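Asks: Questions regarding the structure given below will be posed in turn.
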Amino acid sequence: MPTPSNPIELTTQLMSIDSTSGREGDVITWLDGYLANRGWRTTRIPVTEGRTDLFATVVDSPRVTLSTHLDTVPPFIPPRRDAENLYGRGACDAKGLAAAQVCAAETLRDEGLPVALLFVVGEEVTHDGAHAANEAAAAGLVPATSRALVNGEPTESTLALGTKGAVRVIVRTAGQAAHSAYPHLGKSATRDLVHMLAELEGIEFPRDAMFGDTTVNIGGLAGGVADNVVAPWAEARIMIRLVTPVSEVREIIERWADGRASLEWGPMVPPVKLGVVDGFRTSVAAFATDIPALTNWGTPYLFGPGSVHVAHRDDESVSLDELRAAPAAYARIAREALRLS
């Protein structure tokens, strides 16, 4: 048998490969070879041209699956480490978690437990990898026997009780171009949009006792054609973190925009309540995950070393001690999930 995987060394190897969303092919190929050389039976799940998920197991009917994503946000930042932390893109979101899951799966496999690994692409954008994996289970490309899904996201080594959902919407206003010296001859789409957006802070959005508040982020603004032209168009890109069904928020936003702007609704991920295991600190994740798209993989659990507060930042990092402890935690959650399934 090969020497057990080391979570820090494996994380560093994964982080050394650029896998920005849409360019995940190299890291999937590398990890496929790594797992195959360590005795895992691997299967590629097609997602889009040149992009695949990776499934691995050693049994015909796995009952618990450890899963996370291998894509990252831009830009690629190569790994570096000091005495306490590992830094770089994917350290906690989520290559460190993938490495810890591989280590945990080796332990569970050696114990004779029916475990599988699922590494997906596209989580940071459209969750297309998770949707492809769900369809693959339904179609029989991979076994549909998993009764528990232990998903990895940076939760500061707490077990999440639930994850907020999310929905994107583009708000567009239309105006009439005119010479800016004669604004009364036109209609400013940018002015109208700014006035509308200012109203959002006064709108009462849904609240949930466990998940907390719905939050609204105006992530991007664009509009106009030149400084000396009254703006004929404007748009705002908004992401809303959901704590209730999306229909409630859509109704509020559509009522707010009625007659003043058009709405283009984008991908939606619903809020999800998750499985729990005794003995772990708990939290609620304000971010969205792949879990809602993986309904064919069993009762979901969510755990991971590192903090989402440094994910997506240039100083993304994970504690070496936390990373070393993560495989045992993942294995413990998987054993308990198997017992409860």
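Asks: Against the definition (open to solvent by 20 Å² or more (accessible area, probe 1.4 Å) and farther than 24 Å from Met239 by Cβ), how does Gly140 come out, yes or no?
Replies: yes
Asks: Please identify the pairs in which a residue from the stretch 143-161 that is on the phi > 0 side of the Ramachandran plot has its Cβ atom under 6 Å from the Cβ atom of a residue that is among the charged types (D, E, K, R) and surrounded by fewer than 24 Cβ atoms within 10 Å (Cβ to Cβ), counting only partners at least 6 apart or on another chain.
Replies: Close Cβ pairs (under 6 Å, with a partner that is among the charged types (D, E, K, R) and surrounded by fewer than 24 Cβ atoms within 10 Å (Cβ to Cβ)) amount to Ser157/Glu322.
Asks: Can I ask one more? Tell me whether the stretch 317-335 contains one or more residues that are outside any helix (DSSP H, G or I) and surrounded by 21 or more Cβ atoms within 10 Å (Cβ to Cβ). Let's see the steps before the verdict.
Replies: Narrowing the stretch 317-335 to residues outside any helix (DSSP H, G or I): 317-319.
Now narrow it down to the ones that are surrounded by 21 or more Cβ atoms within 10 Å (Cβ to Cβ): 317-318.
Within the stretch 317-335, one or more residues are outside any helix (DSSP H, G or I) and surrounded by 21 or more Cβ atoms within 10 Å (Cβ to Cβ).
Asks: Further question: How many residues does the stretch 230-243 hold that are in contact (Cβ under 8 Å) with a residue 60 or more places away in the chain and more than 14 Å from Phe287 (Cα to Cα)?
Replies: Residues meeting the conditions: 6.
Asks: Related question: Kindly provide the set of residues from the stretch 204-225 that are within 22 Å of Glu251 (Cβ to Cβ), part of a loop (DSSP other than H, G, I, E, B) and open to solvent by less than 60 Å² (accessible area, probe 1.4 Å), ordered by number.
Replies: Phe205, Pro206, Phe211, Thr214, listed by residue number.
Asks: Specify the residue that is nearest to Ser262 (Cα to Cα); the eligible residues are those in the stretch 169-188 that are under 34 Å from the mean Cα position of the chain (by Cα) and aliphatic (A, V, I, L, M).
Replies: Going through the stretch 169-188, the residues under 34 Å from the mean Cα position of the chain (by Cα) turn out to be 169-174.
Filter again for aliphatic (A, V, I, L, M), leaving 169-171, 174.
Working: Val169: 10, Ile170: 8, Val171: 6, Ala174: 9 Å.
If we take residues in the stretch 169-188 being under 34 Å from the mean Cα position of the chain (by Cα) and aliphatic (A, V, I, L, M), then Val171 is nearest to Ser262 (Cα to Cα).
Asks: Does Glu235 meet the test of being among the acidic types (Asp, Glu) and in a strand (DSSP E or B)?
Replies: Details: among the acidic types (Asp, Glu): yes; in a strand (DSSP E or B): yes.
Spelling it out, Glu235 is indeed among the acidic types (Asp, Glu) and in a strand (DSSP E or B).
Asks: For the stretch 58-88, how many residues meet the condition of being over 18 Å from Glu322 (Cβ atoms), crowded, with 20+ Cβ neighbours inside 10 Å and over 14 Å from the mean Cα position of the chain (by Cα)?
Replies: Number satisfying all stated conditions: 3.
Residues checked against (1) open to solvent by 80 Å² or more (accessible area, probe 1.4 Å); (2) assigned to a loop (DSSP other than H, G, I, E, B); (3) out of contact with any helix residue (DSSP H, G or I) (no Cβ under 8 Å at 6 or more places or on another chain); (4) at pLDDT below 95:
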residue: Pro2; (1), (2), (3), (4): no, yes, no, yes
residue: Ser5; (1), (2), (3), (4): no, yes, no, no
residue: Thr12; (1), (2), (3), (4): no, no, yes, no
residue: Leu31; (1), (2), (3), (4): no, no, no, no
residue: Ala36; (1), (2), (3), (4): no, no, yes, no
residue: Arg44; (1), (2), (3), (4): yes, no, no, no
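Asks: Let me ask another. Could we say that Asp26 is open to solvent by 70 Å² or more (accessible area, probe 1.4 Å), free of Cβ contacts under 8 Å to residues at least 12 places away in the same chain and either in a loop (DSSP other than H, G, I, E, B) or not aliphatic (A, V, I, L, M) (or both) here? First the steps, then the outcome.
Replies: Values: open to solvent by 70 Å² or more (accessible area, probe 1.4 Å): yes; free of Cβ contacts under 8 Å to residues at least 12 places away in the same chain: yes; either in a loop (DSSP other than H, G, I, E, B) or not aliphatic (A, V, I, L, M) (or both): yes.
Yes.
Asks: Which members of the stretch 29-55 meet the condition of being free of Cβ contacts under 8 Å to residues at least 40 places away in the same chain and among the β-branched types (Val, Ile, Thr)?
Replies: Thr29, Thr42 - these are the residues of the stretch 29-55 that are free of Cβ contacts under 8 Å to residues at least 40 places away in the same chain and among the β-branched types (Val, Ile, Thr).
Asks: Only strands (runs of 3 or more DSSP E) wholly contained in the stretch 89-203 count here; list those with 1 or more residues that are of a type in the set (S, T, N, Q). It would help to see each step written out before you state the result.
Replies: On the way: elements: 115-120, 148-152, 159-163, 165-174.
Those strands (runs of 3 or more DSSP E) span 148-152, 159-163, 165-174.
Asks: A further question on this structure: Suppose the filter is in contact with a Lys or Arg (Cβ under 7 Å, 6 or more places away or on another chain) and modelled with pLDDT of 95 or more; does Gly25 pass it? Let's see the steps before the verdict.
Replies: Numbers: in contact with a Lys or Arg (Cβ under 7 Å, 6 or more places away or on another chain): yes; modelled with pLDDT of 95 or more: yes.
Criteria met by Gly25.
Asks: Let me ask something else about it. Exactly one condition in (1) of a type outside the set (A, V, I, L, M, F, W, C); (2) at pLDDT 95 or above; (3) open to solvent by 30 Å² or more (accessible area, probe 1.4 Å); (4) out of contact with any helix residue (DSSP H, G or I) (no Cβ under 8 Å at 6 or more places or on another chain) is not met by Asp93; state its number.
Replies: (3)
Asks: Using beta carbons and a limit of 8 Å, which pairs, at least six apart or on different chains, have the first residue in the stretch 202-229 and under 23 Å from Lys273 (Cβ atoms) and the second one surrounded by fewer than 13 Cβ atoms within 10 Å (Cβ to Cβ)?
Replies: Correct list of pairs: Asp213/Arg207; Thr214/Arg207.
The values are calculated or read from the model by the stated rules, or taken from the named source; none is laboratory data. Keep in mind that this is a model prediction, so the values were computed, not measured. We place every Cβ from the backbone using ideal geometry, glycine too, and count neighbours over all the protein chains shown. The protein model used for the area step is the full one, side chains on, heavy atoms only, and it has no ligands, DNA or RNA in it. Shrake-Rupley method; radii C 1.70, N 1.55, O 1.52, S 1.80 Å.
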